[in-house]
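Asker: Below is one structure. I have some questions about it.
The values are calculated or read from the model by the stated rules, or taken from the named source; none is laboratory data. No experiment lies behind these values; they were computed from the predicted model shown. All Cβ positions, glycine included, derive from the backbone under ideal geometry; neighbour counts span all protein chains shown.
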Amino acid sequence: MVESAKKPGSWSIAPRSERPLAGSGAVAGIDVGGTFTKSVLVLSSGEIALTRRNETAGAGGPAAHVDRIGALAGQLAAKAAGAGERLTALGVAVPGVVDEAAGVARYSANLGWRDLDLGGELSERLGISVSIGHDVRLGALGEGVLGAARGVADFLYVPVGTGVAAAVVLDGHVRRGRHGTAGEVGHVALDESGPPCGCGRRGCLEAVASAAAIARRYAERAGGDVDAAAVLARASAGERVALEVWQTAVAALGATLAHAQALLDVDLIVVGGGLAHAGDALLSPLESEIAARLGWLPRPRLAVAALGDQAACLGAALRARAEGPPEAPGAPPERQTGDPR
C-alpha cells in the first residue's frame, strides 16, 4: 500500500511553473459527482491525454462506488501505459464533508457516503499515491491555476449543478476551515418551511437554487419532465411558472452570495456547474440581486467558470501532481504546484 498524503491545511493556487500539470510520470484526476463522474489523464509533459464523462451509477452502495472508481483508475492507468508512461498518482474529488488529511469522505448526502476511507482503499488497490479532496475546493484550485480566476488572490468559486456549494480562496489559498466545511452554503436553511433538501432539512439553498431543484420545482407546479435549461428557456419566453421558479432560484442564490461578499470582500465570484451554461441569463440578474443587497459595499465581479465541468477533475490532477511521489533526481523543482500549508 502507498500511503495517501496526510497534509492538513489550505492549498496554494500559485503554480511554480508555466506548466503546472507537468511532472514526473502520469497523473489522473477523477471527480465523482451526484449525476456524472468526470476524469482526466495527464502525461508527464502536462499534456491532457484523455477526458471522460460518465453517468455516476448509484447502485450497490459505497463499496460498489469504490469498485467503480478503482476500475476507472485502472482504465486511466492502462491508457498511460499505452503512451509509454506509468500512472504515479491519483486525485479524487468528492462532494460533501471531506477529511482531506486522512483521505476519508465523512459525509455525502447525494452519494450516501459516511466515513468512507476512499483514499486508503484506493491506494491499497492501485499501489499508487491517492489524494482525496472536496470537489468544490478542487474546482477552485483548477480555476485558480488554469481557469477564470488565474492571477486572482481572493475569489469564490460557486458551482451550481446537482447541488450548490462554494470554495473560499483568500490570499491565494483555498481555505477548508477549522472543520473542513468552509463554503457549505448549499445547506444553510433560508426558509425552514421551504422544500425538503437531501440533507434532511427544509428550505436549504440547494433545495431552491440548484439545477436539480429548479427542474423539480417546475415539474411539481407545471408537470412534465424538464431540466433547468428548459425551465430557463420557458422563463425567457415569458411562461409564468417557469419565470417564478427561475426568479426564486436567482434571488436565493443572490442573497447568499451577497452575505458571503459582505463577510469576505472578494474580487471575483466564479460561477460554475451546469447552471453556468445559462451565461448572461444567469449572471445579469444575479449581479443585480447581489448589488441590491450590498448597497454601498464593494461589489465583486462575476464570471463563468472557464474549465466547465472539468474544473474539479483538473484540480484533482493538480493535487495528485503536488502530493504524489517526489520528482526524479535532477528534475527542476518548479514543475510542482504549490505545497499545501
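Asker: Could you tell me whether residue 276 is in a helix (DSSP H, G or I), within 19 Å of residue 309 (Cβ to Cβ) and free of Cβ contacts under 8 Å to residues at least 40 places away in the same chain? First the steps, then the outcome.
Answerer: On the way: in a helix (DSSP H, G or I): yes; within 19 Å of residue 309 (Cβ to Cβ): yes; free of Cβ contacts under 8 Å to residues at least 40 places away in the same chain: no.
So residue 276 does not fit the description; no.
Asker: What residue, of 278, 306, 320, is among the aliphatic types (A, V, I, L, M), out of contact with any His (no Cβ under 9 Å at 6 or more places or on another chain) and either at pLDDT 95 or above or surrounded by fewer than 21 Cβ atoms within 10 Å (Cβ to Cβ) (or both)?
Answerer: On the way: 278 fails: either at pLDDT 95 or above or surrounded by fewer than 21 Cβ atoms within 10 Å (Cβ to Cβ) (or both); 320 fails: either at pLDDT 95 or above or surrounded by fewer than 21 Cβ atoms within 10 Å (Cβ to Cβ) (or both).
When all the criteria are applied, what remains is 306.
Asker: May I pose another question? Output yes when any residue across segment 178-187 is surrounded by fewer than 16 Cβ atoms within 10 Å (Cβ to Cβ) and either more than 23 Å from residue 298 (Cβ to Cβ) or not basic (Lys, Arg) (or both), and no when none is.
Answerer: Looking only at segment 178-187, we keep the residues that are surrounded by fewer than 16 Cβ atoms within 10 Å (Cβ to Cβ), and these are 178-179.
Subsequent filtering for residues that are either more than 23 Å from residue 298 (Cβ to Cβ) or not basic (Lys, Arg) (or both) retains 178-179.
Yes, segment 178-187 has at least one match.
Asker: Only one residue in 158, 168 is within 23 Å of residue 228 (Cβ to Cβ), in a strand (DSSP E or B) and not assigned by TED's automatic domain parsing to the domain that holds residue 316, so which one is that? Please lay out each step first, then the result.
Answerer: Details: 168 fails: within 23 Å of residue 228 (Cβ to Cβ).
Of 158, 168, the one residue that is within 23 Å of residue 228 (Cβ to Cβ), in a strand (DSSP E or B) and not assigned by TED's automatic domain parsing to the domain that holds residue 316 is 158.
Asker: Inspect all residues belonging to segment 127-147 and state whether any of them is surrounded by fewer than 20 Cβ atoms within 10 Å (Cβ to Cβ), at pLDDT 90 or above and over 23 Å from residue 185 (Cα atoms).
Answerer: First pass over segment 127-147, keeping only residues surrounded by fewer than 20 Cβ atoms within 10 Å (Cβ to Cβ): 127.
Now restrict to residues that are at pLDDT 90 or above: 127.
Narrowing the set further to residues that are over 23 Å from residue 185 (Cα atoms) leaves 127.
Checked segment 127-147: at least one residue is surrounded by fewer than 20 Cβ atoms within 10 Å (Cβ to Cβ), at pLDDT 90 or above and over 23 Å from residue 185 (Cα atoms).
Asker: Further question on the same structure: I'd like the full set of residues that are touching a residue at least 40 places away in the same chain (Cβ under 8 Å), assigned to a helix (DSSP H, G or I) and farther than 20 Å from residue 271 by Cβ, limited to segment 176-232.
Answerer: Those that are touching a residue at least 40 places away in the same chain (Cβ under 8 Å), assigned to a helix (DSSP H, G or I) and farther than 20 Å from residue 271 by Cβ: none in segment 176-232.
Asker: Quick one: which residue in 158, 164 is crowded, with 24+ Cβ neighbours inside 10 Å, touching a Gly at 6+ places or on another chain (Cβ under 6 Å) and either farther than 22 Å from residue 30 by Cβ or touching a residue at least 40 places away in the same chain (Cβ under 8 Å) (or both)?
Answerer: Values: 158 fails: touching a Gly at 6+ places or on another chain (Cβ under 6 Å).
Going through 158, 164 in turn, the sole match is 164.
Asker: Within the group 23, 34, which residue is under 14 Å from the mean Cα position of the chain (by Cα) and either over 28 Å from residue 163 (Cα atoms) or modelled with pLDDT under 80 (or both)?
Answerer: Values: 23 fails: under 14 Å from the mean Cα position of the chain (by Cα).
Just a single option satisfies the conditions, and that option is 34.
Asker: How do the strands (runs of 3 or more DSSP E) wholly within segment 54-133 filter down when requiring 2 or more residues that are closer than 19 Å to residue 310 by Cα and in contact (Cβ under 8 Å) with a residue 12 or more places away in the chain: which remain? Can you show your working first?
Answerer: On the way: elements: 87-94, 97-99, 104-108, 113-116.
Where strands (runs of 3 or more DSSP E) fall fully within segment 54-133 and carry at least 2 residues being closer than 19 Å to residue 310 by Cα and in contact (Cβ under 8 Å) with a residue 12 or more places away in the chain, they are 87-94.
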